[in-house]
Amino acid sequence: MCIEKKLRYLRSIIPADVRLIVVSKNQPAESIKKAYNFGQRIFGENKVQEILGKREQLPQDIEWHMIGHLQTNKVKNIASFITMIHSVDSIRLLTEINKEGLKNNRKIDCLLEFHIANEESKFGLSLDDAKELLRSTDFIQMDNVRICGVMGMASFIDDEHILRKEFQALKLYFDALKTEFFSQKEYFKEISMGMSSDYKIAIEEGSTMVRIGTAVFGERQY
Ligand SMILES: *Cc1c(COP(=O)(O)O)cnc(C)c1O
């Protein structure tokens, strides 16, 4: 099935209030251009170098979302244009994003990444880590970042019951932070969860942003 057909299908089943982030990591610029020509403007990548390369070859009105683990020394390369960083998992990284935001005279939208999967290898904060970060005087003094919500990756499994539990956990973290830190902040509203294999469950559990690659482009070639 072609990219256009897959996008049309996804748009037909994803509710209007859930944003589709097309994950274009490992996809060539030509494939991204096809999705672009079909109206897609939001793309997610997990490597800084790849975003920079593709950005040069593609239209400037694309909104790039950084969804992968981000090293502090690479923040400066994307700070001037990145639409959202989904993968904030430490105060050190957030401090760097704030610093680069200041240099670029902008507020950079970020999500706090939570560890919700069983797997050891996944990055992410616990609820206590996040509260500690948000209570810290360092964070309170940051004027050039804006925490817009939370992000998480569920386990790589098929068990719907477990996936649902993991998404529910992320929704609970979101609700807890909203109540304690962001109740007056209209911009704190995003729950970035759901990928090709589990986005339907994620949407049922409250996702506001799904990050979908394979279901648009097919299997990635490495
Ligand atoms: C690759 C990736 C996705 C998309 O995965 P698919 O299974 O191809 O839809 C979503 N989120 C993150 C963080 C990723 O790295």
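The values are calculated or read from the model by the stated rules, or taken from the named source; none is laboratory data. The structure presented is a predicted model; accordingly, all values stated were derived computationally and were not measured. Positions of Cβ are backbone-derived with ideal geometry, glycine not excepted, and every protein chain shown enters the neighbour counts. In case anyone asks, the SASA skips ligands and DNA or RNA and just uses the protein heavy atoms, side chains included. Shrake-Rupley method; radii C 1.70, N 1.55, O 1.52, S 1.80 Å.
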Over the range 1-86, what relative contact order in percent results from Cα pairs under 8 Å that are six or more residues apart? 25
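Under 10 °C and 1.306 mPa s, how fast does the range 48-90 diffuse according to Stokes-Einstein, given a Kirkwood radius computed over C-alpha pairs? Answer in µm²/s, whole number. Could you put the intermediate results ahead of the total?
Values: Rh = 10.9 Å.
Rounded to a whole number, D works out at 146 µm²/s.
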Between the alpha-carbon centers of the range 153-208 and the range 33-70, tell me the distance in whole angstrom. 24
Which loop-located trypsin sites (Lys or Arg not before Pro) does the range 105-178 contain, where loop means any DSSP state but H, G, I, E or B and the Cβ has at most 16 other Cβ atoms within 10 Å? R106, K107
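Over the range 65-222, give the accessible area per residue in Å² for a 1.4 Å probe, as an integer. List each step's numbers first, then the result.
Details: 7580 Å² over 158 residues.
Dividing the accessible area of the range 65-222 by its residue count gives 48 Å².
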Report, to one decimal in Å, the Kirkwood hydrodynamic radius for the range 137-222 based on all distinct Cα pairs. 14.2
Let me check the size of the chain from its C-alpha atoms; what are the radius of gyration and Dmax in Å? 16.8, 52
Run the numbers on the chain and let me know its relative contact order in percent, using alpha-carbon pairs under 8 Å that are six or more apart. 20
Which whole-number percent of Cα pairs in the range 158-201 have a distance greater than 12 Å? 64
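Rounded to the nearest whole Å³, what is the per residue volume of the convex hull around the Cα atoms of the range 107-156? Please list the in-between numbers first.
Numbers: hull volume 3.9 nm³, N = 50.
Convex hull volume per residue, Cα atoms: 78 Å³.
In deg cm²/dmol and to the nearest 500, what is the mean residue ellipticity at 222 nm of the chain if only DSSP H runs of at least 4 residues count, each as -39500 (n - 2.57), divided by the residue total? Spell out each step's value before the answer.
Values: 10 runs with 92 residues, N = 222.
Result for the chain, helices only: -12000 deg cm²/dmol.
Anything over 20 Å Cα to Cα? Flag those among K131/K189; K5/K33; K131/K185; K25/K74; K47/K171, in the order listed. Spell out each step's value before the answer.
Details: K131/K189 17 Å; K5/K33 15 Å; K131/K185 16 Å; K25/K74 17 Å; K47/K171 27 Å.
Too far apart for the 20 Å limit: K47/K171.
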Relative contact order for the range 161-210 using alpha-carbon pairs under 8 Å, separation at least 6, rounded to a whole percent? 38
Computed on Cα atoms, the radius of gyration and Dmax of the range 13-61 in angstrom are 11.2, 33
Taking the chain as a Gaussian network, where each spring joins two C-alpha atoms under 10 Å apart, which residue of I42, I67, I85 fluctuates the most? I42
Shape descriptor, the range 30-110: equivalent ellipsoid semi-axes (Cα gyration tensor, sqrt 5λ, whole Å, largest first) stand at 23, 12, 11
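Would you tally the net charge around K6, using a Cβ to Cβ cut-off of less than 13 Å, leaving K6 out, and scoring K and R as +1, D and E as -1? Show your work: numbers first, answer last.
Values: positive: K5, R8, R11, K34; negative: E4, E219.
Here the count lands on +2.
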